Each structure stands twice: as structure tokens, then as C-alpha cells.
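One structure is given here, and the rest of the page talks about it.
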Amino acid sequence: MKLICRTCKVEISNELTKLENLSLLNINDGQDYIPEGFFIIDSKKADIELEGAIIINIKDLTNSVYHPDDSRLNGCCGYDGLDGMNRVCLNNHEIGTENSDCWMFHFVSLDPELVDFH
Ligand SMILES: [Zn+2]
């Protein structure tokens, strides 16, 4: 399945499968948290703000750009995601948060109220 923006229905991910083997999650700083091609529904482990967030690999995010509000785009080497959602779909609808700074493991957290499976 793929993820779409709930507002405009544009596809925002590659084909994804639910990750069943949670031992593949990687919590080393600066590395991908989840392998490409998979998603998990988070229980506040990766995204401490958003229970139920859909977590995917950054490389699986498609048709998405950075938030037009620069104040959302802080970070050291990447994006720390600490100032609210920093990713929007191609039509500028907020969809979630990229976490890609050097001192954290890397993933995208998508808000289940704003995206849907398709
Ligand atoms: Zn949209």
C-alpha cells in the first residue's frame, strides 16, 4: 500500500509493507530507524509527540517538499523536527515531520489525521 495526503489525495510514499520484525529497527544516531519499504504505527517510541504516528524511511517519502515556513526547518546537519511539522505534500498540505539531524535516528513521522493508506 501507499500513503496519500488526506486533503488532496496525492500519493506521498512508495509502496509500503507493515514491518513485523521490530528487531530491524535501528536506534543509532545518524542512521535510518526503519528499513526502506516498510512502515510501523508508532506507540510514542520514535515520535514522542504523536502517538499513532505512521513511521517510514525518509527515502520512501514522495511528492513532498519542505514546509514553506522556515521556522519549522531548524537543525544542525539535517532537520530536527522540533518546531512542528516540516513536511508538506506537493499542494502544501502539512503531512508530517522529518527527523534527520545528526544526533537522532532518521525517520519521517506522518500524522494519521493528515495522511491515509490507499
Ligand atoms: Zn495534499
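Any read-out appearing in this document is the output of simple, stated calculations on the displayed coordinates, not a laboratory observation. Here the structure is a predicted model, which means the values were calculated and not measured. Using ideal geometry, Cβ is built from the backbone for each residue, glycine included, and neighbour counts are taken over all protein chains shown.
What percentages, rounded to whole numbers, describe P(r) for the chain computed over all alpha carbon pairs with 10 Å bin width beginning at zero?
That works out to 15, 51, 31, 3, in percent per bin.
What length, rounded to one decimal in nm, is gained on full extension from Ile48 through to Tyr66, with 0.36 nm per residue of separation minus their alpha-carbon distance?
Full-extension gain reported as 4.4 nm.
How would you rank Cys76, Cys89, Cys8, going from fewest to most other Cβ atoms within 10 Å of each one's own Cβ?
In order of increasing Cβ crowding within 10 Å: Cys76, Cys8, Cys89.
Explain nothing, just the number: relative contact order of the chain, from Cα pairs under 8 Å at least 6 residues apart, as a whole percent.
30 percent
Projected onto the charge dipole of the chain (+1 at Lys/Arg Cβ, -1 at Asp/Glu Cβ, origin at the Cα centre), which of Cys76, Met1, Val108 gives the Cα projection farthest towards the positive end?
Met1
Residue by residue, what Karplus-based ³J(HN,Hα) values in Hz, rounded to whole numbers, does the range 36-48 have, using 6.51, -1.76 and 1.60 with θ = phi - 60° and x for Gly and Pro?
4, x, 10, 9, 9, 8, 7, 10, 6, 8, 7, 9, 6
Magnitude of the Cβ-charge dipole of the chain, K/R +1 and D/E -1, about the Cα centre, nearest 20 debye?
280 debye
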